[in-house]
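For reference, the structure is listed below as structure tokens.
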Amino acid sequence: HVSGIAEALHAGDHINEVLDRSELIGKTTFTVTENLILGCLIVIFVVVLLLGNLRSGLVVASVIPLCLLFALSLMYIFGVDANLMSLGAIDFGIIIDGAVIIVEFIAFRITQKKDEFATGLNTVQRQKVKDNIAISGASKMMNSAIFGQLIILIVFIPILSLSGVEGKMFTPMALTFSFALIGAMI
């Protein structure tokens, strides 16, 4: 900082601090962190509440940290800055949309076949039936989920083509959101 530099100066020379951005950077970092954590918690609460099943809600909610990890990894690889604009634009509701569709369909199918579970199946057989329902349900609904997320990704293509000041402001946001959405698809 300034004190370390001031010691290296000649006698009589001094440094006047004109602009200190450390407070602004600290507040911005806190705001981004707070928004991501609160947004994640609110979405998890609403998903668990609306799905009506804690296990289903937590499966859907697990997509959020995995998407953030994927997005942050790609941001690092492609040199996209993590700032208020890029990270603040991540919409967890859109990111978990595909997972909600798939998990809700699987839960519906398991509920439909509840009678099948009551007919003398042991625990291992019951789990195999549930696993088969989950695999077939995920396979069946994956096309719908991916198609909806691809439409959202296509919407960001014009933002990626911006140049100048607009490009410098909005391209990191579009890339970060696209990275998170690709992570959700995977």
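At-a-glance table
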item: Residues residue 11 and residue 185, FRET efficiency given R0 of 45 Å [Cβ-Cβ distance, rounded to 0.05]; result: 0.10
item: By average C-beta atoms within 10 angstrom, highest first, the peptides 103-112, 60-69, 20-29; result: 60-69, 103-112, 20-29
item: Sites residue 62 and residue 28 - FRET efficiency at Förster radius 41 Å, r taken between beta-carbons, to 0.05; result: 0.90
item: Alpha-carbon centroid distance for the pair region 40-57 / region 137-186, whole angstrom; result: 24
item: Full-stretch length increase - residue 168, residue 36 - with 0.36 nm per residue and alpha-carbon distance subtracted; result: 45.3 nm
item: FRET efficiency for residue 160 and residue 55, using Cβ-Cβ distance with R0 set to 35 Å, rounded to 0.05; result: 0.40
item: Cα long-axis angle, helix 22-51 against the chain (0 to 90 degrees, to the nearest 10); result: 10
item: Ellipticity estimate at 222 nm from DSSP helix runs (n ≥ 4, -39,500 (n - 2.57)) divided over the chain, nearest 500; result: -26000 deg cm²/dmol
item: Within the accessible area of the chain (1.4 Å probe), percent carbon and sulfur; result: 67
item: Rounded accessible area per residue of the chain, 1.4 Å, Å²; result: 66
item: Straight-distance crosslink candidates among lysines, where the alpha carbon sits under 29 Å from residue 113 and sequence neighbours closer than 8 are dropped; result: 128, 130, 140
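The values are calculated or read from the model by the stated rules, or taken from the named source; none is laboratory data. This one's a predicted model, so the numbers in the text were calculated from it and none came from an experiment. Cβ: placed from backbone, ideal geometry, glycine included. Neighbour counts: every protein chain shown. Just so you know, the surface numbers come from the protein's heavy atoms only, side chains and all, with ligands and any DNA or RNA stripped out. Shrake-Rupley method; radii C 1.70, N 1.55, O 1.52, S 1.80 Å.
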